[in-house]
């Protein structure tokens, strides 16, 4: 049991972080505005969670300009995808045990 | 809440977020009903002005008997009428679909033109534009009979393709349109009927199903 629990990474504990990672698993990349819309959170809240994920090397940030407007896109790194995949598996196993 | 439920909740939320962020789900059922009705109205206008065409000549399933087909200036006038009529139908259908979809996406708290909508439109427009140009080229070569079935086939392919980025029902609708187009290509004389079913009735049925399943 301890083994499984250790796979439930602390990094993914918050709802916002789970949301960010699930979106990035199925989308190649997404910009801040669209991310905010999907998750229904404030700018500051989203930015701090993104920072945390970036610090752990789970996501990558790409800044570019569309015309004159700055546009920041987020991409899940290979490490991030793997870590999130394991987190999902662990969640599923935990649920499987209870039933 | 027990830990168990908590984990289950998380998984459900993750799955929902994956679907919501990768699929264009704001297409409303009303837009289907609207598009179908506009198409049927367009057909009715053609039927009103060219009743002969439906019954006497065109309905006769044969291109081997030229005396049953319209020819010369009569054919030209008819084709011109159909092209104008179809363009108007297309305009009103698309405009209505956009308005209904805009309303729905606003209710969902999403913006109309997000990444999912872009992906959906690109995968829809590529086969559709190719088909549209191909139909024009078939006109250029004087192959009028095949133009009607082709529109159904290419529209079906476009829906089937774009359906990957939307709800599964769009893909089914695409398959049905393709089947109708192929049937129309065999029974060319009945293209008008297949058009009515494909662009009119199928859209309305699709719209009602979507409304009952998702919008209510």
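Below are the figures for this structure:
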{"item": "Only listed residue being over 30 Å from residue A:88 (Cα atoms), modelled with pLDDT of 85 or more and surrounded by fewer than 17 Cβ atoms within 10 Å (Cβ to Cβ), chosen from B:49, B:55", "result": "B:49"}
{"item": "Output for region A:25-36, where each listed residue is in a helix (DSSP H, G or I), facing chain B (nearest Cβ under 8 Å) and in contact (Cβ under 8 Å) with a residue 40 or more places away in the chain", "result": "A:25"}
{"item": "Number of positions in region B:118-136 that are surrounded by 14 or more Cβ atoms within 10 Å (Cβ to Cβ) and within 14 Å of another protein chain (Cβ to nearest Cβ)", "result": "2"}
{"item": "Every residue from region A:39-54 that is free of Cβ contacts under 8 Å to residues at least 12 places away in the same chain and within 14 Å of chain B (Cβ to nearest Cβ)", "result": "A:40"}
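Every residue, every condition in (1) more than 14 Å from chain A (Cβ to nearest Cβ); (2) assigned to a helix (DSSP H, G or I); (3) modelled with pLDDT of 95 or more; (4) at positive phi, yes or no:
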{"site": "B:87", "(1), (2), (3), (4)": "yes, yes, no, no"}
{"site": "B:98", "(1), (2), (3), (4)": "yes, yes, no, no"}
{"site": "B:102", "(1), (2), (3), (4)": "yes, yes, no, no"}
{"site": "B:106", "(1), (2), (3), (4)": "no, yes, no, no"}
{"site": "B:112", "(1), (2), (3), (4)": "no, no, no, no"}
{"site": "B:116", "(1), (2), (3), (4)": "no, yes, no, no"}
{"site": "B:138", "(1), (2), (3), (4)": "yes, yes, no, no"}
{"site": "B:164", "(1), (2), (3), (4)": "no, yes, no, no"}
{"site": "B:182", "(1), (2), (3), (4)": "yes, yes, yes, no"}
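Listed here are the residues, each with its yes/no results for (1) in a loop (DSSP other than H, G, I, E, B); (2) surrounded by 19 or more Cβ atoms within 10 Å (Cβ to Cβ); (3) modelled with pLDDT of 90 or more.
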{"position": "A:23", "(1), (2), (3)": "no, yes, yes"}
{"position": "A:38", "(1), (2), (3)": "no, yes, no"}
{"position": "A:45", "(1), (2), (3)": "no, no, yes"}
{"position": "A:64", "(1), (2), (3)": "no, no, no"}
{"position": "A:73", "(1), (2), (3)": "no, no, yes"}
{"position": "A:84", "(1), (2), (3)": "no, yes, yes"}
{"position": "A:88", "(1), (2), (3)": "no, yes, no"}
{"position": "A:92", "(1), (2), (3)": "no, no, no"}
{"position": "A:96", "(1), (2), (3)": "no, no, no"}
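The values are calculated or read from the model by the stated rules, or taken from the named source; none is laboratory data. Since this is a predicted model, take the numbers as computed values, not measurements. With ideal geometry, Cβ positions are generated from the backbone for all residues, glycine too; neighbour counts draw on all protein chains shown.
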